[in-house]
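**Student:** If you scroll down you'll find the structure; I have some questions about it.
The values are calculated or read from the model by the stated rules, or taken from the named source; none is laboratory data. In this text, all values refer to a predicted model and were calculated from it rather than measured experimentally. Every residue, glycine as well, gets a Cβ built from its backbone with ideal geometry; the counts of neighbours run over all protein chains shown.
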Amino acid sequence: MLNRKQKHILLKFFSMFSVVRGYNILVVVIAQYITSIYVLAHDKPLRVVVFDVNLLMLVLASSVTIAAGYIINNFYDSEKDLINKPIKSRLDRLVSQNTKLSFYFVLNFMAVVMASYVSFNAVVFFAFYIFGIWFYSHKLKKLPFIGNLTSAVLTITPFFAIFMYYKNFEHVVFVHAMFLFLIISMRELTKDLESIKGDLLQDYHTIPVVYGEKVSKIMLSVLSGLTLIPTYFLLFKYNIGYMYYYFYLSVFLLLVFLVLLWKSSTKIHYLILHNILKFIILTGVFCLLLIDVSVILNRI
């Protein structure tokens, strides 16, 4: 049995894990490696990609930067989260704000050190990324359109670091990125609908607060329609192996999303919609394995 001090330390650990959303960071790490192996460096031997120290440093730098981003976002959103996420907020508050800020600076310093192992350009890249996350959390998040666009860009930025490292400029990479960007943009707007109560009370000028739920639903419907453009090209213009199953599933889920969207009016409804989009994103990461099911055997 754990004594009181050990339980307190364990609770603080889970609190910090909740703040930095460790589960999301793990998914990003897996996604970066899968993207490297199956998309960005598909022409390189598997062993070369997996054991590339520069790639490891970029992935680690991305991970700690994202963790720091969650911390500073949690710092600025603490009052709003008390309204929108009361249970999670109580867990997050087990760690003091001063401790969180200390971790924030340490993690950002670690990111710069890791990036310096790769190149000076990598250091500049992550310096701008760190600043971008802070500026978004401090200022841009409260603005309609700009906040949503910035959030979507910052979400895919870690993959841009890998993209620049491998310098893979194949058209299919940009089409995949367009699909991901649109789904992430939909998720950000859905999150705004989900947290409209806290945003309104804390004077966040998000799209649902400024323009209303109906306009937000129209925008989500348009974004959903736009996803059909990259989906069409990926299905009929490029060889994506068995991944076409994923895109057909995505189209079906987006149709379900649209039907539910126009029937939604409460926080729990928008939470369900949010989870549908999260499922599409998460499933897409692992479905990259379907691009070429023989890739592992052929590249060892």
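**Student:** Looking at Ala68, Ala111, Ala61, can you tell me which residue is small (Gly, Ala, Ser) and touching a Ser or Thr at 6+ places or on another chain (Cβ under 7 Å)?
**Tutor:** Ala111
**Student:** Return the total of residues in the range 151-200 being outside any helix (DSSP H, G or I) and closer than 22 Å to Val124 by Cβ.
**Tutor:** Qualifying residue count for the region: 3.
**Student:** Has the range 131-142 got at least one residue that is at pLDDT 95 or above, crowded, with 22+ Cβ neighbours inside 10 Å, of a type outside the set (Ser, Thr, Tyr) and under 30 Å from Leu200 (Cβ atoms)?
**Tutor:** Yes - at least one qualifying residue is present in the range 131-142.
**Student:** From Phe17, Phe13, Phe75, Phe105, grab the single residue that is over 30 Å from Tyr204 (Cβ atoms) and of a type outside the set (A, V, I, L, M).
**Tutor:** The match here is Phe13.
**Student:** So, restricting to helices (runs of 4 or more DSSP H) that lie completely within the range 42-122, which ones have at least 2 residues that are hydroxyl-bearing (Ser, Thr, Tyr) and at pLDDT below 95?
**Tutor:** Output list reads 53-76, 97-118.
**Student:** Take the range 117-167 and flag every residue that is within 22 Å of Tyr104 (Cβ to Cβ) and polar (S, T, N, Q).
**Tutor:** Selection gives Ser137, Thr150, Ser151, Thr155, Thr157.
**Student:** Out of the residues in the range 3-48 meeting the condition of being more than 19 Å from the chain's Cα centre (by Cα) and of a type in the set (Ser, Thr, Tyr), tell me which one is surrounded by the fewest Cβ atoms within 10 Å (Cβ to Cβ).
**Tutor:** Only one residue tops the list, namely Ser15.
Per-residue answers, yes or no, for (1) modelled with pLDDT under 95; (2) in the same structural domain as Leu189 (by TED's automatic domain parsing); (3) crowded, with 19+ Cβ neighbours inside 10 Å:
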{"residue": "Ile229", "(1), (2), (3)": "no, yes, no"}
{"residue": "Tyr242", "(1), (2), (3)": "yes, yes, no"}
{"residue": "Tyr248", "(1), (2), (3)": "no, yes, no"}
{"residue": "Phe257", "(1), (2), (3)": "no, yes, yes"}
{"residue": "Leu261", "(1), (2), (3)": "no, yes, yes"}
{"residue": "Leu290", "(1), (2), (3)": "yes, yes, no"}
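**Student:** Could I ask something else about it? Quick one: which of Val50, Val59, Val118, Val64 is farther than 17 Å from Phe159 by Cβ and among the aliphatic types (A, V, I, L, M)?
**Tutor:** One residue alone meets the criteria, Val50.
**Student:** Scan the range 135-153 residue by residue and report those that are out of contact with any helix residue (DSSP H, G or I) (no Cβ under 6 Å at 6 or more places or on another chain) and of a type outside the set (Val, Ile, Thr).
**Tutor:** Selection gives Phe135, His138, Lys139, Lys142, Leu143, Phe145, Leu149.
**Student:** While we're here: Could you list all residues from the range 238-261 that are without any contact (Cβ under 8 Å) to a residue 24 or more places away in the chain and not in a helix (DSSP H, G or I)?
**Tutor:** If the condition is that a residue be without any contact (Cβ under 8 Å) to a residue 24 or more places away in the chain and not in a helix (DSSP H, G or I), then Asn239 is the only one that fits.
**Student:** Among (1) surrounded by 17 or more Cβ atoms within 10 Å (Cβ to Cβ); (2) free of Cβ contacts under 8 Å to residues at least 40 places away in the same chain; (3) over 20 Å from the mean Cα position of the chain (by Cα), which single condition is Ser185 missing?
**Tutor:** Ser185 satisfies every listed condition except (3).
**Student:** Given the condition touching a Leu at 6+ places or on another chain (Cβ under 9 Å), modelled with pLDDT under 95 and either in the same structural domain as Lys44 (by TED's automatic domain parsing) or closer than 20 Å to Asp77 by Cβ (or both), answer yes or no: does some residue in the range 174-182 qualify?
**Tutor:** Scanning the range 174-182, I find no residue that is touching a Leu at 6+ places or on another chain (Cβ under 9 Å), modelled with pLDDT under 95 and either in the same structural domain as Lys44 (by TED's automatic domain parsing) or closer than 20 Å to Asp77 by Cβ (or both), so the answer is no.
**Student:** What number goes with the only condition from (1) in contact with a Phe, Trp or Tyr (Cβ under 7 Å, 6 or more places away or on another chain); (2) in a helix (DSSP H, G or I) that Ser264 does not pass?
**Tutor:** Here Ser264 meets the rest and fails (2).
**Student:** Select from the range 155-174 the residues that are surrounded by fewer than 19 Cβ atoms within 10 Å (Cβ to Cβ) and among the aliphatic types (A, V, I, L, M) and list them in ascending order.
**Tutor:** Ile156, Met164, Val172, Val173
**Student:** Here's a follow-up. Filter the range 212-237 for residues that are among the basic types (Lys, Arg) and assigned to a helix (DSSP H, G or I) and give the result.
**Tutor:** Answer for the range 212-237, where residues must be among the basic types (Lys, Arg) and assigned to a helix (DSSP H, G or I): Lys214, Lys217.
**Student:** For the range 16-33, does any single residue satisfy the condition of being in the same structural domain as Leu91 (by TED's automatic domain parsing) and in contact with a His (Cβ under 8 Å, 6 or more places away or on another chain)?
**Tutor:** So far as the range 16-33 goes, no, none of its residues is in the same structural domain as Leu91 (by TED's automatic domain parsing) and in contact with a His (Cβ under 8 Å, 6 or more places away or on another chain).
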